[in-house]
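The values are calculated or read from the model by the stated rules, or taken from the named source; none is laboratory data. Being a predicted model, the structure only gives us computed values, none of them experimental. In this analysis, Cβ positions are derived from the backbone assuming ideal geometry, glycine residues included, and neighbour counts consider all displayed protein chains.
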Amino acid sequence: MRVERRTVDLTAYPDLVVIYLGMKVNTITGIKTLLGFGPKIDNSVAAKPDGLLRHESFLFSLLPPHVGMRQYWRDFPSLERWSRSEPHMLWWKNFLRDSGGTGFWHETYFRRGEIEAIYDDIGIPLGLSAFAPTAIARGPMFSARTRLGVQGSETVSAPLSEADLYGESKQ
C-alpha cells in the first residue's frame, strides 16, 4: 500500500498565526506552579476565545518537567486581544512579577513570514534562541506587537507596562 499524503488549503486563513508555548520547571517549587496552570489553561481553551482555531498540548520532557502547547489563531488581533484580557492578563502579570520557579517561552509564526519570540527565566537556550542572537526585551523589543512591527495601535493595553515591570517611574 502506498502512503496517503495530504496537505492543507490555507487560502481561507491569510493571517494565520501559530504560537508554540512552553513552561519549564527550574526549581522544585516550579512543579506546583506548573501543575496550577493546567486547569486554568483547560478552562480558558474550553471558553473558546474568539479567533482560536485549535489548541494542542504536549510534553517536551519529563526531567526537567517541560510542557508545551501549540495554538492556531485566525489573526494577530485575535491573539493579542485574548492575551490582554482576563484570565490570561492576570496570569501573565503575576508570572512577570514572580515566575514561581518556572521559565516560560513562546515562539510565534505568521503565515506571511514574520516570527517573534520571548524567553522568560529560561536558563538554557532553546528554540530560536539556541542559534539566533538574543537581546533584552526592553524598548521596541518589549512587546510582541513591536517585535513584529505590526502596524496600528494596540486595541487593548498590555497587562503590565515596561515601566511597571522594571519599577521605573514615568517621566
TODO: Kindly check whether there is at least one residue in the stretch 53-74 that is in contact with a Leu (Cβ under 9 Å, 6 or more places away or on another chain), modelled with pLDDT under 95 and within 22 Å of Thr11 (Cα to Cα).
DONE: no
TODO: Could you list, in sequence order, all residues of the stretch 113-131 that are assigned to a loop (DSSP other than H, G, I, E, B) and of a type in the set (Gly, Ala, Ser)?
DONE: Gly113, Gly123
TODO: Could you list all residues from the stretch 35-67 that are out of contact with any helix residue (DSSP H, G or I) (no Cβ under 7 Å at 6 or more places or on another chain), part of a helix (DSSP H, G or I) and loosely packed, with under 15 Cβ neighbours inside 10 Å?
DONE: Leu35, Gly36, Gly38, Pro39, Asp42, Asn43, Ala46
- [ ] Hey, can you tell me all the residues within the stretch 75-101 that are touching an Asp or Glu at 6+ places or on another chain (Cβ under 7 Å) and farther than 21 Å from Glu162 by Cβ?
- [x] Asp75, Ser78
- [ ] Just one of (1) modelled with pLDDT of 90 or more; (2) surrounded by 16 or more Cβ atoms within 10 Å (Cβ to Cβ) trips up Val150, so point out which.
- [x] (1)
Open item on the list: So, Lys93, is that one charged (D, E, K, R), on the phi < 0 side of the Ramachandran plot and either in a loop (DSSP other than H, G, I, E, B) or under 15 Å from the mean Cα position of the chain (by Cα) (or both) or not?
Closed with: yes
TODO: Report yes if Trp91 is aromatic (Phe, Trp, Tyr), crowded, with 16+ Cβ neighbours inside 10 Å, closer than 30 Å to Gln151 by Cα and touching a strand residue (DSSP E or B) at 6+ places or on another chain (Cβ under 9 Å), otherwise no.
DONE: no
Task: Residues of the stretch 1-34 that turn out to be of a type outside the set (Lys, Arg), closer than 30 Å to Asp50 by Cβ and either more than 16 Å from the chain's Cα centre (by Cα) or assigned to a loop (DSSP other than H, G, I, E, B) (or both), as a count - done: 11
